[in-house]
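A short write-up of the structure that comes next.
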Amino acid sequence: MKTLKNFVAVDWRSGKDRFYFFFKDTNTYTRFDLGDNETPKNYPRTINGYWGDMDAKLKNLRFGFATTGISPANYLELDSDILWLFYYEDGIPMVCKYDQDTDKVNKVYRLADSIWHRLLPYFDRIVAGTWWEQSPHPRLFRFLMNDGNCLTLNLAIDKLTQETISETWSGLAPYKDRIITAVQNDRTLAHNYYYIFLTDNEYLRYSVPSRQLLAGPIAIDDASWPGLLRD
């Protein structure tokens, strides 16, 4: 059975909801279909040949998350599903705007030149981020770091706030040193979950609307995540 470590989980909002898991040590990835609650039989597979211009860069992936229509200045993008992939290239923090609707790289930026530029001083400490669209602020994002702190970024007013996890993530403080990655399942307004993956093959289920820890730690196995631990 696979031990989960050094991996990044991201959400996919275009079409049927799913998660992707990138295993950086083996240069492989897997898909988890939320509707079927399982990993398809032909996964995991090598990254090469499936992610276009990002194939060689995903081994340096730090974190990632998806958004839908967060660009109010461009009405053509109001329903666009974008996967933001944050990574290092030659020691430089970068971000890829990956179009989920076309399944292709849209554009690549230096982090310093992107809408995410305020994350630059914290980049190597961030382990997970997500779009917090349930709030009254449609361009609000939250990030977990590996030092017991967290960030809140409001793109609408270009403001970044740093706080401790114990201040803003109810129930999460005991696990702050075990967080590897996290991914959001935005299935309904009332049941919007953030799955936080920990060391020792465990995870937490966190409610986005109520900002409360609902369950965990829970063992990651073929009952909770069918096929995810497949070699």
> Among the residues of the stretch 78-90 satisfying the criterion of being charged (D, E, K, R) and assigned to a strand (DSSP E or B), which is modelled with the lowest pLDDT?
Replying inline: ASP81
>> Need the failing condition index for SER166 against (1) among the small types (Gly, Ala, Ser); (2) buried (at least 21 other Cβ atoms within 10 Å of the Cβ); (3) over 18 Å from the mean Cα position of the chain (by Cα), just the number.
In response: (2)
> Conditions: (1) more than 27 Å from ASP81 (Cα to Cα); (2) modelled with pLDDT under 95; (3) in contact with a strand residue (DSSP E or B) (Cβ under 9 Å, 6 or more places away or on another chain). ARG187 meets all but one. Number of the miss?
Replying inline: (1)
>> Take the conditions under 17 Å from the mean Cα position of the chain (by Cα), in contact (Cβ under 8 Å) with a residue 24 or more places away in the chain and either surrounded by 17 or more Cβ atoms within 10 Å (Cβ to Cβ) or farther than 27 Å from LYS5 by Cβ (or both) and apply them to LEU140. Does it pass?
In response: no
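If you check ALA182, ALA215, ALA173, which single one turns out to be small (Gly, Ala, Ser) and within 17 Å of TRP84 (Cβ to Cβ)?
Matching residue, one of ALA182, ALA215, ALA173: ALA182.
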> Any idea which of (1) of a type outside the set (D, E, K, R); (2) modelled with pLDDT under 90; (3) part of a loop (DSSP other than H, G, I, E, B); (4) out of contact with any Lys or Arg (no Cβ under 6 Å at 6 or more places or on another chain) is the one ILE115 doesn't satisfy?
Replying inline: (2)
> In the stretch 1-27, which residues are β-branched (Val, Ile, Thr) and either surrounded by fewer than 14 Cβ atoms within 10 Å (Cβ to Cβ) or at pLDDT below 95 (or both)?
Replying inline: THR3, THR26
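Out of the residues in the stretch 205-220 meeting the condition of being hydroxyl-bearing (Ser, Thr, Tyr) and part of a strand (DSSP E or B), tell me which one is farthest from LEU172 (Cα to Cα). Break it down stepwise before answering.
Start the filter on the stretch 205-220 by keeping residues that are hydroxyl-bearing (Ser, Thr, Tyr), which leaves 206-207, 210.
Checking the rest, the ones that are also part of a strand (DSSP E or B) come to 206-207.
On the way: TYR206: 9, SER207: 12 Å.
This residue is SER207.
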> Here is a list of conditions, (1) modelled with pLDDT of 90 or more; (2) closer than 24 Å to LEU153 by Cα; (3) surrounded by fewer than 12 Cβ atoms within 10 Å (Cβ to Cβ); (4) not acidic (Asp, Glu), and TYR75 meets all of them except one; can you say which number that is?
Replying inline: (1)
> Since PRO121 meets every condition but one in (1) surrounded by 14 or more Cβ atoms within 10 Å (Cβ to Cβ); (2) modelled with pLDDT of 95 or more, which condition does it not meet?
Replying inline: (1)
> Of all residues in the stretch 94-118, which are within 25 Å of ASN185 (Cβ to Cβ) and surrounded by fewer than 19 Cβ atoms within 10 Å (Cβ to Cβ)?
Replying inline: LYS97, ASP99, ASP101, THR102, ASP103, LYS104, VAL105, ASN106, ILE115
>> Quick check on the stretch 95-112: of everything there that is part of a loop (DSSP other than H, G, I, E, B) and touching a strand residue (DSSP E or B) at 6+ places or on another chain (Cβ under 8 Å), which residue is nearest to VAL10 (Cα to Cα)?
In response: GLN100
>> Within the stretch 106-121, does at least one residue satisfy the condition of being within 29 Å of ASP17 (Cβ to Cβ), touching a residue at least 24 places away in the same chain (Cβ under 8 Å) and of a type in the set (S, T, N, Q)?
In response: yes
> Counting just the residues of the stretch 197-231 that are among the charged types (D, E, K, R) and touching a residue at least 12 places away in the same chain (Cβ under 8 Å), which one comes out farthest from ASN37 (Cα to Cα)?
Replying inline: ARG211
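The values are calculated or read from the model by the stated rules, or taken from the named source; none is laboratory data. These numbers come from a predicted model, not from an experiment. All Cβ positions, even for glycine, are placed from backbone atoms using ideal geometry, and neighbour counts span all protein chains on display.
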